[in-house]
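Participant: A single structure is presented below for examination.
Where a number appears in this text, it was derived from the coordinates with a stated rule and is not lab data. Here the structure is a predicted model, which means the values were calculated and not measured. Using ideal geometry, Cβ is built from the backbone for each residue, glycine included, and neighbour counts are taken over all protein chains shown.
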Amino acid sequence: MSTRPKYQQEITSRINDYSKGIVFSAADFMDVADTDAINKTLSRLSEEGRIRRITQGLYDVPEYSSLLQEYAVPRPDMVAEALARKFNWTIAPCGDTALNALHLSTQVPNVWSYVSDGPYRKYDLGNTKLSFKTVKQREISGFHRITVTVIQALRALGKGNITEKDINILKRVLTETDKKIILKEGLNATAWIVQIIKEICREEE
């Protein structure tokens with residue numbers, strides 16, 4: 001019985017260490033081998049049933065639900081992160097997705113929406129629908145994800161619609177480190193957003 005190449009062993013070993021639900025592509029193994037070799041390895045693992053092919057070039061380690069007696073659908077946030085890594089995009093949740101991520105809404109988004117420094121894209125992956133909206137570099141590049149997410153959530157709520165309850169939720173959800181980052185990076189946002197950020201971070205004028 002022939003021994004598989006070292007790169008195949010390394011890719012397989014790394015995948016075996018992944019938690020269930022992790023989504024990945026060849027881009028996540030570029031330190032191991034070239035793209036063609038990685039794709040062939042991932043394709044083989046998929047054919048063997050060791051990983052699941054979500055769409056062309058995208059795979060996950062599916063999580064089995066003993067309650068439902070079936071494999072869980074891919075997690076939309078994991079798919080979005082894998083696509084961002086694959087195409088080297090910087091992304092952050094926006095709209096209802098940002099509200100959900102920050103516990104400002106309990107409603108699960110119909111479409112998981114993200115702002116991105118990449119091109120406008122939409123993906124329909126069965127039960128997972130993703131939308132990537134292009135924004136200007138100055139709105140996303142160089143910022144921590146939490147800063148962009150909070151700003152996008154405040155924009156989704158809209159000027160004049162943000163309640164004391166919303167502010168208190170953000171005060172509770174955000175860590176002290178988050179607040180320091182947001183306060184430092186968010187002061188060039190629109191004036192009304194800056195004011196809300198100061199309230200969230202307990203800063204006075």
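Participant: For a test of the definition: using alpha carbon positions, the gyration tensor, and the 1.5 limit on a/c, classify the chain as rounded, prolate or oblate.
Facilitator: prolate
Participant: Tell me which of Thr55, Leu68, Thr106 sits at the most positive position along the dipole axis of the chain, charges placed on C-beta atoms (Lys, Arg +1; Asp, Glu -1).
Facilitator: Of the listed residues, the answer is Thr55.
Participant: Separate question: Pull up all non-local amide H partners of Ile54: gap of 5 or more, or a different chain, and H-to-H distance under 5 Å with H placed in the peptide plane.
Facilitator: Tyr59, Asp60
Participant: About its Cα centre, what dipole magnitude does the chain give when the only charges are +1 on Lys and Arg Cβ and -1 on Asp and Glu Cβ, stated in debye to the nearest 20?
Facilitator: 220
Participant: Let me ask something additional. Rounded to the nearest Å, what's the spacing between the alpha carbon centres of the range 13-27 and the range 66-123? Just the number, please.
Facilitator: Rounded to whole Å, the Cα centres lie 18 Å apart.
Participant: For the range 49-141, run through the GluC sites (Glu not before Pro) and keep only the ones in DSSP coil with at most 16 other Cβ atoms within 10 Å of their Cβ. Working shown, then result.
Facilitator: On the way: sites: Glu63, Glu70, Glu81, Glu139; in loops: Glu63.
Counting only loop positions with at most 16 other Cβ atoms within 10 Å, the GluC sites (Glu not before Pro) in the range 49-141 are Glu63.
Participant: Which one, Thr90, Thr147, Thr134, has the greatest fluctuation when you compute a Gaussian network model over the chain with C-alpha springs under 10 angstrom?
Facilitator: Thr134
Participant: Mind listing the phi-derived Karplus ³J(HN,Hα) values for the range 63-76, rounded to whole Hz, using 6.51, -1.76 and 1.60 with θ = phi - 60°, and x for any glycine or proline?
Facilitator: 9, 8, 9, 5, 5, 8, 6, 7, 7, 5, 5, x, 6, x
Participant: I would also like to ask the following. Do the alpha carbons of any pairs in Lys129/Lys184; Lys20/Lys165; Lys159/Lys184; Lys129/Lys159 sit beyond 25 Å of each other, and which pairs?
Facilitator: Details: Lys129/Lys184 33 Å; Lys20/Lys165 35 Å; Lys159/Lys184 21 Å; Lys129/Lys159 28 Å.
Beyond 25 Å: Lys129/Lys184; Lys20/Lys165; Lys129/Lys159.
Participant: Going by alpha carbons, how many degrees (0 to 90, nearest 10) lie between the helix axis of 191-200 and the longest principal axis of the chain?
Facilitator: With rounding to tens, the tilt is 80 degrees.
Participant: Using alpha-carbon pairs under 8 Å, 6+ residues apart, how would you state the relative contact order of the range 1-95 in percent?
Facilitator: Numbers: 94 pairs, mean separation 27.5, N = 95.
Relative CO of the range 1-95 lands at 29 percent.
Participant: Additional query: According to the square roots a ≥ b ≥ c of the eigenvalues of the Cα gyration tensor, what is the shape class of the range 38-108, taking rounded for a/c under 1.5, prolate for a/b larger than b/c otherwise, and oblate for the remainder?
Facilitator: oblate
Participant: Still on this structure, I have one more. Calculate how steeply helix 145-157 sits against the longest principal axis of the alpha-carbon atoms of the chain, using the helix alpha-carbon long axis, and give the answer as 0 to 90 degrees to the nearest 10.
Facilitator: The angle comes out at about 60 degrees.
Participant: Which of the lysines could a cross-linker bridge to Lys122, judged by Cα under 17 Å and excluding same-chain residues fewer than eight apart?
Facilitator: Of all the lysines, those that pass the test against Lys122 - Cα under 17 Å, at least 8 places apart if same chain - are Lys86, Lys133.
Participant: Please determine, in degrees from 0 to 90 and to the nearest 10, the orientation of helix 176-185 with respect to the longest principal axis defined by the Cα atoms of the chain, where the helix direction is its Cα long axis.
Facilitator: 70
Participant: Take the chain, connect every pair of alpha-carbon atoms lying under 10 Å apart with a spring to form a Gaussian network, then pick out the residue of Leu68, Leu174, Leu187 with the largest mean-square fluctuation.
Facilitator: Fluctuation is largest for Leu68.
Participant: Something else: Kindly state, to the nearest 0.05, the FRET efficiency for Val173 paired with Lys86, given R0 = 30 Å and r defined as their beta-carbon distance.
Facilitator: Working from the Cβ atoms, E equals 0.55.
Participant: Oh, and also: With an 8 Å Cα cut-off and a minimum separation of 6 or more residues, compute the relative contact order for the chain in percent.
Facilitator: 14 percent.
Participant: For labels at Lys20 and Glu164 in the simple 7 Å Cα→Cβ model, what's the distance in nm?
Facilitator: Going by the 7 Å Cα→Cβ label model, 4.4 nm.
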